[in-house]
1. Restrict the check to the range 369-381 and report whether at least one residue is part of a loop (DSSP other than H, G, I, E, B), surrounded by 15 or more Cβ atoms within 10 Å (Cβ to Cβ) and not assigned by TED's automatic domain parsing to the domain that holds Asp301.
2. With the checklist (1) farther than 20 Å from Met20 by Cβ; (2) out of contact with any Pro (no Cβ under 9 Å at 6 or more places or on another chain); (3) at pLDDT 75 or above; (4) in a loop (DSSP other than H, G, I, E, B) in hand, flag the one item Tyr319 doesn't pass.
3. Restricting attention to the range 224-241, does a residue exist that is in the same structural domain as Leu395 (by TED's automatic domain parsing), modelled with pLDDT under 95, of a type in the set (Asp, Glu) and outside any loop (DSSP other than H, G, I, E, B)?
4. What's the number of the condition Ala289 fails, among (1) within 23 Å of the chain's Cα centre (by Cα); (2) crowded, with 21+ Cβ neighbours inside 10 Å; (3) small (Gly, Ala, Ser)?
5. Let me confirm something: among Phe39, Phe56, which residue is crowded, with 21+ Cβ neighbours inside 10 Å and under 28 Å from Glu154 (Cα atoms)?
6. State whether the residues of the range 292-306 include one that is crowded, with 22+ Cβ neighbours inside 10 Å, at pLDDT 95 or above and touching a strand residue (DSSP E or B) at 6+ places or on another chain (Cβ under 8 Å).
7. Checking Thr312 against (1) modelled with pLDDT of 90 or more; (2) farther than 29 Å from Val221 by Cα; (3) surrounded by 15 or more Cβ atoms within 10 Å (Cβ to Cβ); (4) hydroxyl-bearing (Ser, Thr, Tyr), which test does it fail?
Amino acid sequence: MEQDKMMRIGLSMRYLGYHMAAWRHPDVPAGGAIDFKYFLDSARKAEAAKLDMIFFADGIGVRASDTPKGSLTRDSKNAELEPLTLLAAIGAHTSNIGLVATASTTYNEPFHIARKYASLDHISGGRAGWNVVTSWSQQEAWNFSRDEHLGYDERYERADEFVDVVKKLWDSWEDDAFIRNKETGIFYAESKLHVANHKGKHFSVRGPLNSARTPQGRPIVVQAGAAEAGRELAAKNADVVYSASFDILSARKYYADLKSRLRKYGRTADQMLIMPGLTTYVGKTRQEAQDKYDQLQDLIDPLSGLAILYSTLGDLSGYDLDGPVPDISSGPVSSIGDGLIEMARRDNMTIRQLYKHRASGGRQLIGTAADIVDDMETWFREGAADGFNLCPAILPNGLEDFVEFILPELRRRGLFRTEYASSTLRGNLGLKPLLFGD
């Protein structure tokens, strides 16, 4: 199919954008993160542009500490809408774009997740996706009657079994199980009901799910496996993987590794899409794009900047921000701290320059549409990506710039669709139809 040669592009919509100072930008509504209309506006723009999906990351708590003192009051990431509720509302006002949300396997039960995402898939006509994560923060543990969060191995062991149970529940009913024959009085065919009867180390779930098989067969499964356990979880279950590679060499290595693991689970390379995160600053000229980036960097509050460095370099609030980075590497992640100090020495960076560098987040491209699409095309053609997860620095401006400048160039090169190919997310992603039992 022609669409198989196309990139897949999703839009990450959490908060007000992915730059830490997004809420201070003059074009961004500071309270937008709890405003349904704010998100609906961006979702509609993404659908008009024919993007594959919108995506909401999530955490079950305010995952930050007030170090240095006063930094937390400057952080906008402390009030947001619950993503599944939000996506159900957005789904009622859109027709084609995929609806993906994060839900933790650490502080949920499989039956809850199976039922909620099945409902979203029915409500949206086959556009739901579940981003599988494990919860790692102390702050989340405190919200669920725990003094400490689960250890890494236990979290992923639980997650693996959790996803197995959810998939069993999604397969409770065959496609044509519900006869609903008023004359005979038979509502469903008993032979087409499959009770999970799952009994494992972490879960005992009988089933069946009180939902019919969904329009996609089951919702899309998304994962972001980086470490070994996460990669295996992704290879076994994920239809889409959101990755965080910063350079093409590591991206190609990750891509090849993850695709090679699929054979172990009886899967083929075309059954999983790998979509690295990408933030773009684009303008008519390179200087215009750079100015957009610099404007946001200048909006970073110094205490917020120091908070970024705290976990690796400790408290630097007593030092001159425009002076050199002191020789301190006693933070909790000393190897990272050592690397930051080495970089600061090599590039003669001040504390302010270092926290601005760290605040930049994921992979970023700054330039004209041609500059940015050249890079995207190289990753796509050379086995580093099947598409990208767009993480705008600010919403809606980052999305609007992508649509105005970058999409026309992608389409001119035949790299992105002009119309949707399907009414379901699975179909638009070019994934094979899911048959019962697959």
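The values are calculated or read from the model by the stated rules, or taken from the named source; none is laboratory data. The structure presented is a predicted model; accordingly, all values stated were derived computationally and were not measured. Counting neighbours? That spans all protein chains shown, and the Cβs are built from the backbone with ideal geometry, glycine included.
1. The initial filter retains those residues of the range 369-381 that are part of a loop (DSSP other than H, G, I, E, B), namely none.
The answer is no, given that none of the residues of the range 369-381 is part of a loop (DSSP other than H, G, I, E, B), surrounded by 15 or more Cβ atoms within 10 Å (Cβ to Cβ) and not assigned by TED's automatic domain parsing to the domain that holds Asp301.
2. The number of the failed condition is (2).
3. The answer is yes, given that some residue of the range 224-241 is in the same structural domain as Leu395 (by TED's automatic domain parsing), modelled with pLDDT under 95, of a type in the set (Asp, Glu) and outside any loop (DSSP other than H, G, I, E, B).
4. Among (1) within 23 Å of the chain's Cα centre (by Cα); (2) crowded, with 21+ Cβ neighbours inside 10 Å; (3) small (Gly, Ala, Ser), Ala289 violates only (1).
5. On the way: Phe39 fails: under 28 Å from Glu154 (Cα atoms).
Selected residue: Phe56, the only one of Phe39, Phe56 that is crowded, with 21+ Cβ neighbours inside 10 Å and under 28 Å from Glu154 (Cα atoms).
6. no
7. Thr312 satisfies every listed condition except (1).
So that you can scan it fast, the table gives a plain yes or no per residue for (1) among the aliphatic types (A, V, I, L, M); (2) at pLDDT below 95; (3) assigned by TED's automatic domain parsing to the domain that holds Ser422:
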| residue | (1), (2), (3) |
| --- | --- |
| Phe39 | no, no, yes |
| Glu47 | no, no, yes |
| Ala57 | yes, yes, yes |
| Ser65 | no, yes, yes |
| Asn78 | no, yes, yes |
| Ser95 | no, no, yes |
